[in-house]
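Chemist: Would you mind keeping the following structure in view while I ask a few things?
The values are calculated or read from the model by the stated rules, or taken from the named source; none is laboratory data. Since we're looking at a predicted model, the values are computed, not measured. Ideal geometry is used to build each Cβ from the backbone, glycine not excepted, and the neighbour counts take in all protein chains shown. Heavy atoms of the whole protein, side chains included, go into the accessibility calculation; ligands, DNA and RNA do not. Shrake-Rupley method; radii C 1.70, N 1.55, O 1.52, S 1.80 Å.
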Amino acid sequence: MGILNVTPDSFSDGGRYEQLDRALDRAWEMVDEGAAILDVGGESTRPGAIAVSIEEEIKRVVPVVNRLAAKLPIPLSVDTRHTEVMRRALEEGASMINDVNALRDEGAIEVVAENDAAVCLMHMKGDPRTMQKAPEYKNVVDEVENFLLERAELCEQSGIAADRIALDPGFGFGKKVKHNLRLMRSLPRLTAMGYPILVGVSRKSFIGELMGGVPAEARLQGSVAAALYAAQSGARLIRVHDVRATREALDVFWALSFGLENE
Ligand code: HH2
């Protein structure tokens, strides 16, 4: 899943794809690079980010969806926490909602169900403004698993088909490095919940910390290593900024694991 942030303030690509033509170019570039899904976001949810108005988010996201949805050879996802943005994006042809807030906005579940859209439900402790201040868990894996199962169940009861749901432990969303590591090592258990697991660790600060404290633009190798680890552990969707590098690495990983059996 290739990331397209049409924001001025995203932690790693903020300000690069704010203009419509640059966003469209990057979208097609990611298709060429081997993305299987594109994920367009109009609000940064990095730690400390200030929420934007719904009108502003719609102004950023809807024109991009409008210009891409009918033409792209791959599904278009929209990364939003807001029901109204979901409604407008699905009207314009998006086919998936990626929600860091797991459809907790009022009416969000209904909008996804009515449109027969796919959805990714993510775990987040607190909200982006304050979530990294002092996150504490009794058992992070239990808490994430229980939350995701509860949300998935509610979505199914509300008419979203089980095979339209993916789950995401939410790396970096109210988690210290140790929490992220525990969740990473528990991916096989999370996979056993029966839904495809999405992992988003691309260029995140905990990858930088594991690399000795490097900035976002120097986290490519660590991000690719984490993507391979996640895939090996059963994750089926990997959300990344660096599509080409990740795709090439995953292709080799996949071939080593499962490919060319008849050669
Ligand atoms: N991470 C970010 C945003 N959306 N969605 C899912 N499902 N999983 C994630 O881990 C995830 C996400 C944050 O990364 P990014 O979009 O690069 O940054 P920003 O929020 O600053 O725009």
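Chemist: Select from segment 182-226 the residues that are away from the ligand (no atom under 14 Å from the Cβ), open to solvent by 40 Å² or more (accessible area, probe 1.4 Å) and assigned to a helix (DSSP H, G or I) and list them in ascending order.
Modeler: The answer is Arg182, Arg185, Pro188, Arg189, Thr191, Glu209, Leu210, Ala218, Gln221, Ala225.
Chemist: Which of the residues that make up segment 95-109 are open to solvent by 10 Å² or more (accessible area, probe 1.4 Å) and within 16 Å of the ligand (Cβ to nearest atom)?
Modeler: Ser95, Met96, Asn101, Arg104, Asp105, listed by residue number.
Chemist: Yes or no: Arg26 over 21 Å from Gly126 (Cβ atoms), assigned to a helix (DSSP H, G or I) and away from the ligand (no atom under 15 Å from the Cβ)?
Modeler: No: the conditions fail for Arg26.
Chemist: Can you name the residue in segment 130-159 that is within 16 Å of the ligand (Cβ to nearest atom), in contact with a helix residue (DSSP H, G or I) (Cβ under 9 Å, 6 or more places away or on another chain) and of a type in the set (Val, Ile, Thr) and, of all such residues, is nearest to Ile238 (Cα to Cα)?
Modeler: Val144
Chemist: OK, next. Could you look through segment 168-181, keep only residues that are closer than 18 Å to Arg239 by Cα and assigned to a helix (DSSP H, G or I), and pick out the one that is nearest to the ligand (Cβ to nearest atom)?
Modeler: Result: Asn180.
Chemist: Of a type in the set (A, V, I, L, M), within 13 Å of His241 (Cα to Cα) and not in a loop (DSSP other than H, G, I, E, B): is that true of Val40 in this structure?
Modeler: So Val40 fits the description; yes.
Chemist: Among the candidates Leu154, Leu121, Leu103, which residue alone is assigned to a helix (DSSP H, G or I) and hydrophobic (A, V, I, L, M, F, W, C)? Steps first, please.
Modeler: Working: Leu121 fails: assigned to a helix (DSSP H, G or I); Leu103 fails: assigned to a helix (DSSP H, G or I).
Just a single option satisfies the conditions, and that option is Leu154.
Chemist: Something else now. So which residues in segment 164-180 are touching a residue at least 12 places away in the same chain (Cβ under 8 Å) and more than 26 Å from Ile109 (Cα to Cα), if there are any at all?
Modeler: Quick first cut of segment 164-180, residues touching a residue at least 12 places away in the same chain (Cβ under 8 Å) only: 164-177, 179-180.
Answer for segment 164-180, where residues must be touching a residue at least 12 places away in the same chain (Cβ under 8 Å) and more than 26 Å from Ile109 (Cα to Cα): Lys176, Val177, His179, Asn180.
Chemist: Okay, next question. Given the condition in a loop (DSSP other than H, G, I, E, B) and closer than 19 Å to Pro47 by Cβ, answer yes or no: does some residue in segment 106-118 qualify?
Modeler: No: segment 106-118 contains no residue that is in a loop (DSSP other than H, G, I, E, B) and closer than 19 Å to Pro47 by Cβ.
Chemist: I'm trying to understand the selection: among the residues of segment 227-263, which are open to solvent by 30 Å² or more (accessible area, probe 1.4 Å), within 18 Å of the chain's Cα centre (by Cα) and of a type in the set (Gly, Ala, Ser)?
Modeler: Ala245
Chemist: Check Ile50, Ile3 and return the single one that is outside any loop (DSSP other than H, G, I, E, B) and in contact with a Ser or Thr (Cβ under 9 Å, 6 or more places away or on another chain).
Modeler: The conditions single out Ile3.
Chemist: Taking only segment 232-263 into account, find how many residues are more than 18 Å from Leu187 (Cα to Cα), in contact with a Lys or Arg (Cβ under 9 Å, 6 or more places away or on another chain) and among the β-branched types (Val, Ile, Thr).
Modeler: 0
Chemist: Here's another thing I want to ask about it. Inside segment 45-73, can you point out the residues that are modelled with pLDDT under 95 and open to solvent by 10 Å² or more (accessible area, probe 1.4 Å)?
Modeler: Thr45, Arg46, Pro47, Gly48, Ile50, Ala51, Val52, Ala70
Chemist: Would you please list the contacts, defined by Cβ atoms under 9 Å and residues six or more apart or on different chains, that run from a residue in segment 70-92 that is within 15 Å of Asp116 (Cβ to Cβ) and in a loop (DSSP other than H, G, I, E, B) to a residue that is among the aliphatic types (A, V, I, L, M) and within 16 Å of the ligand (Cβ to nearest atom)?
Modeler: Pro75/Ala36; Pro75/Ile37; Pro75/Leu38; Pro75/Ala94; Pro75/Met96; Pro75/Ala118
Chemist: So, in segment 8-43, how many residues would count as being without any contact (Cβ under 8 Å) to a residue 60 or more places away in the chain and surrounded by 19 or more Cβ atoms within 10 Å (Cβ to Cβ)?
Modeler: 10
Chemist: Moving to a separate point now. Just give me the residues in segment 12-23 being away from the ligand (no atom under 16 Å from the Cβ) and outside any helix (DSSP H, G or I), in sequence order.
Modeler: Listed by number, the list holds a single entry, Gln19.
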